[in-house]
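Derivation of every value follows stated rules applied to the coordinates shown; laboratory data play no part. All values derive from a computational prediction rather than experimental measurement. A quick note on method: Cβ atoms are made from the backbone with ideal geometry, for glycine too, and the neighbour counts reach across all protein chains shown.
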Amino acid sequence: MKHIHYLVMAICCLTFIPASAQNFPKMDASPIDMSYYPSGVAHRFFAKNDKDKNAVPVIRIIYSRPQKKGRDIFGDLEKFGSIWRIGANESTEILFMKDVTIGGSPVKAGRYTVYALLGEQEWTLYISSDLDGWGAYAFDPAKSVIAQVVVPVESTSKTIENLSILFEEAEGGATMVIGWDHTIVRMPIGF
């Protein structure tokens, strides 16, 4: 009888071991990050002054942050004349928490994706109604673009190792700043 008891216990233990073991994926080489406008608004509950405590989020962008790793990015890794997801992995997603204007086109509050047509001197930035995509493989500007704007390319002597996106305050709205390698572009957003 005692042997049966041990046998039942051993079977139970072996049954539960696989259930508790998990095979989590390794960390992605291009981790996901996000930026808000106004900057720091995500931390408003920890703010020390009333202005920051009462801040209301207007824009949030979620994107993967690939690394330069010694590569030439624009014109080589990301070819001029091609559509880029502005990041790695999933398409870059932007959430407007109020109606905005981009390139003279009204954009209703909501969730969208952002893509760029890359050029040496300028980029065309697209706001698309396509959601939950991987890369720019299925992106068709004729079918999903609700706003677009052409912006000049700026060069910086300082190397930006990881793709970075931030928002700056601007008259009548904000500016989304995209920087990577030695390239910076700025997308105006009107409120």
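What distance in nm lies between label points placed 7 Å from Cα along the C-beta direction at ASP52 and VAL177?
Rounded to a tenth, the inter-label distance reads 1.9 nm.
Pairing the Cα long axis of helix 2-20 with the longest principal axis of the chain, what angle in degrees results, from 0 to 90 and rounded to the nearest 10?
For 2-20 against the chain, the angle is about 10 degrees.
Just to be sure I understand: with springs between alpha-carbon atoms less than 10 Å apart, which residue in ALA88, ALA109, ALA174 has the highest mean-square fluctuation in the Gaussian network model of the chain?
In this elastic network of the chain, the residue with the biggest mean-square fluctuation among ALA88, ALA109, ALA174 is ALA109.
Which three numbers, in whole Å and largest first, are the semi-axes of the equivalent ellipsoid of the chain derived from its Cα gyration tensor as √(5λ)? Could you put the intermediate results ahead of the total?
Working: eigenvalues 345, 107, 62 Å².
Taking √(5λ) for each eigenvalue gives 42, 23, 18 Å, largest first.
Simple spin-label model, 7 Å along Cα-to-Cβ: ALA170 to ASP33 in nm?
Using points 7 Å along Cα→Cβ, the separation is 2.1 nm.
Largest first, please: the extent of the C-alpha atoms of region 82-191 along each principal axis, to the nearest Å.
Extents along the principal axes, in whole Å: 37, 35, 21.
Given region 46-129 reduced to its alpha-carbon atoms as identical point scatterers, what log10 I(q)/I(0) does the Debye formula return at q = 0.23, 0.24 Å⁻¹?
These q points yield log10 I(q)/I(0) values of -1.11, -1.16.
State the number of lysine pairs found in the chain whose Cα atoms come within less than 15 Å, restricting to pairs 8 or more positions apart or on distinct chains. List each step's numbers first, then the result.
Numbers: LYS68/LYS79; LYS68/LYS158; LYS69/LYS158; LYS98/LYS108.
Total qualifying Lys-Lys pairs in the chain comes to 4.
Would you mind calculating the relative contact order of the chain from Cα pairs under 8 angstrom and at least 6 residues apart, reporting the percent as a whole number? Write down the numbers at each step before the final one.
Numbers: 385 pairs, mean separation 34.0, N = 191.
It rounds to 18 percent for the chain.
In deg cm²/dmol and to the nearest 500, what is the mean residue ellipticity at 222 nm of the chain if only DSSP H runs of at least 4 residues count, each as -39500 (n - 2.57), divided by the residue total?
Details: 3 runs with 27 residues, N = 191.
Result for the chain, helices only: -4000 deg cm²/dmol.
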